[in-house]
Amino acid sequence: MKNSTTVKMLMLFGLSTVLWSCRKDKSVTPEEQVQLPGQGVTAVNGLYILNEGNFGSNKASLDYYDYATGVYRRNLYGAANPSVTLGLGDVGNDIKIYGSKLYVVVNGSNKLEILDVKSTKKLAQVDIPNCRYVAFYKNKAYVTSYDGYVGVIDTASFKIDTKITVGRQPEDLAVVGDKLYVANSGGYSSSDYERTISVINLTTNLESKRIDVAINLNRLKADQYGDLYVTSRGDYYNIKSNLYVVDTKTDAVKKKFDIEASTFTLDKDFAYIISTAWSNVTMSTVVSYSKINVKDEIVVAGGFIKDGSEKDIVMPYGIAVDPISSDIYLTDAKDYVSPGALYCFDKTGKKKFSVVTGDVPAHLVFYTK
């Protein structure tokens, strides 16, 4: 009887805690604005920044830098969608624009949020377990799920048409021609990582082959010459992270760069790479910045920050390059639990400005006219 009473008391306590949490979460964080230098009138309206928020904190958020006015706005989603009780959700993992809609992958909340790109008002939600990244092809959105598949979503009805089986714990994905390439990680199996890229025929939505690359693949992007750049995270101990190139004409690995790479972005003839590798020698994180000429496939000496500003960046986390000006935008996650920062460098590597963001700023997308 005593145990039964104790259980009931714990259940009541748990219920009251949940109810209190829900009430607390209903409060809407107001939008904040900061004035920054404007970029003038260009083909780019501005830049969306998706803040991951620390896992389990339910603090994913959306910021926007308006090029014309120079205004930096924080917490757009909360202000535009005050009736959404839990806000954007837990761990924003990817953000893309397709047509007039903004697609936000929220990993911890197991959902794809679809927003109006101008107002950021919520239009729909598609539930996908442990979703990771999104890509598009002919009015379909392709979303990777750690459950071992790619969900195919109709961008008009917001319904899942089909699920394409790929490798274990798929991560980033990219479309080249009529093929979809998916980086498989096997991230849940540290003793038996996946090491392949799944190749999907977008006419049939079936996996046609797998390309052997390296263990624990993660980020994947296609350059303008049809080559794929893909990162391997290694095993976090003996095998270091690395960057590989896959020729999509032959679907074979053509080059290994032997540089550590956590994430990267591509702009015209260049790849901009950041690495935050843990050193078991110094028991600390070693940060590095690299730049590659993708046309010639050679490493450019000296990285891409040229004015010494890297000393101010604690934990580089996300990166994007303006498609018109080639300005470089780099996020700093700092300690992963407090507000981060966004840095802007011009194409010569000199700092233009920085601004405080939400927690763990990670993913960026340019909103073009």
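Computed from the coordinates by the stated procedures, all read-outs in this text should not be read as laboratory data. This structure is a prediction, so every number in the text was calculated from the model and none was measured. Cβ placement follows ideal geometry from the backbone for every residue including glycine, while neighbour counts extend to all protein chains displayed.
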(request) Quick one: net charge around Ser100, please, counting Lys, Arg +1 and Asp, Glu -1 for every other residue with C-beta under 9 Å from its C-beta. (result) +1
(request) Using a 10 angstrom cutoff on alpha carbons, build the Gaussian network for the chain and name the most mobile of Ser61, Ser326, Ser275. (result) Ser326
(request) Give the distance, in whole Å, between the Cα centre of region 319-337 and the Cα centre of region 136-194. (result) 25
(request) Quick one: net charge around Asn54, please, counting Lys, Arg +1 and Asp, Glu -1 for every other residue with C-beta under 10 Å from its C-beta. (result) -3
(message) Could you give the length gained by full extension between Lys159 and Ile298, i.e. 0.36 nm per residue of separation minus their alpha carbon distance, to one decimal place?
(response) 45.7 nm
(message) Shape verdict for region 273-369, please, from the Cα gyration tensor: rounded (a/c under 1.5), prolate (a/b greater than b/c) or oblate.
(response) oblate
(message) Using amide H atoms built in the peptide plane, which far-off residues or other-chain residues are under 5 Å from Gly186 H to H?
(response) Arg168, Gln169, Glu194
(message) Loop only by DSSP, 16 or fewer other Cβ within 10 Å of the Cβ. Give me the trypsin sites (Lys or Arg not before Pro) in region 55-160 that pass, ordered by residue number.
(response) Lys118, Lys121, Lys138, Lys159
(request) Name the residue farthest towards the positive end of the dipole of region 40-368 from the options Val105, Ser119, Asn130, assuming +1 on Cβ of Lys and Arg, -1 on Cβ of Asp and Glu, about the Cα centre. (result) Ser119
(request) Taking only the C-alpha atoms, wrap a convex hull around region 69-175 and report its volume per residue in Å³ as a whole number. (result) 110
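What size of dipole, in debye to the nearest 20, comes out for region 121-273 about its Cα centre when the only charges are +1 on Lys and Arg C-beta atoms and -1 on Asp and Glu C-beta atoms? Kindly include the intermediate steps, with their values, before the conclusion.
On the way: 21 positive and 20 negative charges, 55 e Å.
Here the size comes out at about 260 debye.
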(request) Would you mind checking the pairs Lys59/Lys268; Lys96/Lys268; Lys140/Lys291; Lys121/Lys159; Lys121/Lys268; Lys118/Lys179 and listing those with alpha carbons more than 27 angstrom apart? (result) Lys59/Lys268; Lys140/Lys291; Lys121/Lys268; Lys118/Lys179
(message) With +1 on the Cβ of every Lys and Arg and -1 on the Cβ of every Asp and Glu, and nothing else charged, how large is the dipole of region 211-346 about its Cα centre, in debye rounded to the nearest 20?
(response) 260
(message) At a threshold of 8 angstrom on Cα-Cα distance, excluding pairs fewer than six apart, so keeping six or more, what relative contact order does the chain reach in percent?
(response) 12
(request) Might you report the magnitude of the Cβ-based charge dipole of the chain about its Cα centre, with Lys and Arg at +1 and Asp and Glu at -1, to the nearest 20 debye? (result) 640
(request) Using a 10 angstrom cutoff on alpha carbons, build the Gaussian network for the chain and name the most mobile of Thr162, Thr285, Thr204. (result) Thr204
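Could you list Ile153, Ile160 in order of exposure, starting from the residue whose Cβ has the fewest other Cβ atoms within 10 Å?
Ile160, Ile153
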(request) Compute the Rg to Rh ratio over the chain from the alpha carbon atoms, using the Kirkwood formula for Rh, and round to two decimal places. (result) 0.98
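Classify region 182-280 as rounded, prolate or oblate, taking a ≥ b ≥ c as the square roots of the eigenvalues of its Cα gyration tensor: rounded when a/c is under 1.5, otherwise prolate if a/b is larger than b/c and oblate if not. Can you show the working numbers first?
Values: a/c = 2.19, a/b = 1.22, b/c = 1.79.
It comes out oblate by the Cα gyration axes.
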(request) Take the chain, connect every pair of alpha-carbon atoms lying under 10 Å apart with a spring to form a Gaussian network, then pick out the residue of Gly151, Gly53, Gly38 with the largest mean-square fluctuation. (result) Gly38
(request) Report the net charge of residues surrounding Asn218, where surrounding means a beta-carbon distance below 9 angstrom and charges are Lys +1, Arg +1, Asp -1, Glu -1. (result) 0
(message) Can you compute the helix-only [θ] at 222 nm over the chain? Use -39500 (n - 2.57) per DSSP H run of at least 4 residues, normalise by all residues, nearest 500 deg cm²/dmol.
(response) -2500 deg cm²/dmol
(request) Taking H placed 1.01 Å from N in the peptide plane, check which residues at least 5 places from Leu36 or on another chain put their amide H under 5 Å from its amide H. (result) Val71, Tyr72
(request) Please work out whether region 249-308 counts as rounded, prolate or oblate from its C-alpha gyration tensor, where a ≥ b ≥ c are the square roots of the eigenvalues and a/c under 1.5 means rounded, while otherwise a/b larger than b/c means prolate and anything else oblate? (result) oblate
